[in-house]
Amino acid sequence: MGRTVQIVLPGLFDLPLHELDPKLLREELPQLNRILRRATAKSNQAHTIDAILGSALALHDSRQAAPAGLPMAQAFVDDAAAEAERMLLCQAIHLRPDMHSAVIVPIPADENNLQDINILNNDLKDLFKVDYDITEAADGLFLLQLKQFEAPTCYPHILSVLGKTANPYIAQSRQNLPWYKLLNEIQMFMHQHPVNQQRIQRGRLPINSLWFWGGGRRCRSPDSSLAWFCDDPLLNRFACSLGLTPRPCREIDTIDGPGDAVVIDLRLLELLKTERQVPLEQLLLDIDRTLLQPLLAMVRKGRTQIVLRAGYEFDFILKPSALMKFWRTQKNLSDWATVGDGS
């Protein structure tokens, strides 16, 4: 029996293709184009990082609607700690008012912003000490422990919501009145804080809210033999809490044996959602050469099928037998973007 390697590559079908040279898309991404041409497209309903990983790791019950978030905060809690269900990860954001909603905008983790974020969180910690405790987990990332009730579980990873409207999550928050009340009080305090008045005077976005995610009950992967390849520190810490052993993506050519694997690359999504200064063309070429090329080599040997999962309306399943379908029409990202537009 062969193995299945799931490639989690969110953002791939959200790229600004009009900014790219058509020749790049047609000729310089041969591995990606081979997958898009010969793989079988399967309808997909998992669009956030959490939903994709929840499905890939079999953490979601297939008989029920998948929860929006995964319990990533558990990675920062000792195994024996009972308070894991009251933990959340949080990060500073700006809520930009829109016509009938608010758009979630990132606050870059530069030195000046981090200083302001720390001041805000220290003051919040003092004011809401009866409600929660908060500690820094990494630059710009905080761990919050609620004291009065369990953490909400409806929020996905921050990269899945940046640039999108907050309305669906506001509606979900209202279903948990103690949490909704606390969240409103936090936002009101941040809106009026002197740090934000100073930021506005300096022409900076006010830090007027926090994005919380990663709540939920402690869990472990049902398949501890699953090979996990990822370069994201937070996701790797989460993998460790599941009983998995993370390895860097550069080692994917060492995949051996019949066991399944998951390969996660968030660089495209980070490029789209943050101020990361990496040329898009360079990143696509690197993904094609260092990520997709060794995986396609495994497919050619006849022992592996790969599943490309990008949070798009389709997943792409490439089996060894599909490599022989030379008659299929050439396809690249532009062709699938047209399909996604309903054209």
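The values are calculated or read from the model by the stated rules, or taken from the named source; none is laboratory data. Worth saying up front: this structure is predicted, and the values here are computed from it rather than measured. Cβ coordinates were reconstructed from backbone atoms using ideal geometry, including for glycine residues, and neighbour counts include every protein chain displayed. Only protein heavy atoms, including side chains, enter the accessible area calculation; ligands, DNA and RNA are left aside. Shrake-Rupley method; radii C 1.70, N 1.55, O 1.52, S 1.80 Å.
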Hey, of (1) 42, 27, 18; (2) 37, 24, 17; (3) 33, 28, 24, which did the structure itself give for semi-axes √(5λ) of the Cα gyration tensor in Å when calculated? (2)
Can you compute log10 of I(q)/I(0) for the stretch 93-233 with the Debye formula, treating each Cα as one identical point scatterer, at q = 0.15, 0.20, 0.22 Å⁻¹? -0.84, -1.44, -1.68
Within the chain, helix-based [θ] at 222 nm, where runs of 4 or more DSSP H residues each add -39,500 (n - 2.57), nearest 500: -9000 deg cm²/dmol
Magnitude of the Cβ-charge dipole of the chain, K/R +1 and D/E -1, about the Cα centre, nearest 20 debye? 1140
Which of K301/K325; K42/K319; K23/K325; K125/K181; K301/K331 exceed 18 Å between C-alpha atoms? The answer is K23/K325; K301/K331
Pop the C-beta distance of N112 and N184 into the FRET formula with R0 = 30 Å and round what comes out to the nearest 0.05. 0.65
Per residue accessible area of the chain, 1.4 Å probe, in Å²: 49
Sulfur and carbon atoms: percent of accessible area, the chain [1.4 Å]: 50
Over what distance in Å are the Cα centres of the stretch 114-175 and the stretch 253-289 separated? 28
In the chain, what % of DSSP beta bridges are antiparallel (nearest 5)? 65
Relative contact order computed over the chain (Cα-Cα under 8 Å; 6+ residues apart), in percent: 34
What is the pair-distance distribution P(r) of the stretch 255-343, computed from all Cα-Cα distances in 10 Å bins starting at 0, with each bin given as a whole percent? 12, 40, 37, 11, 0
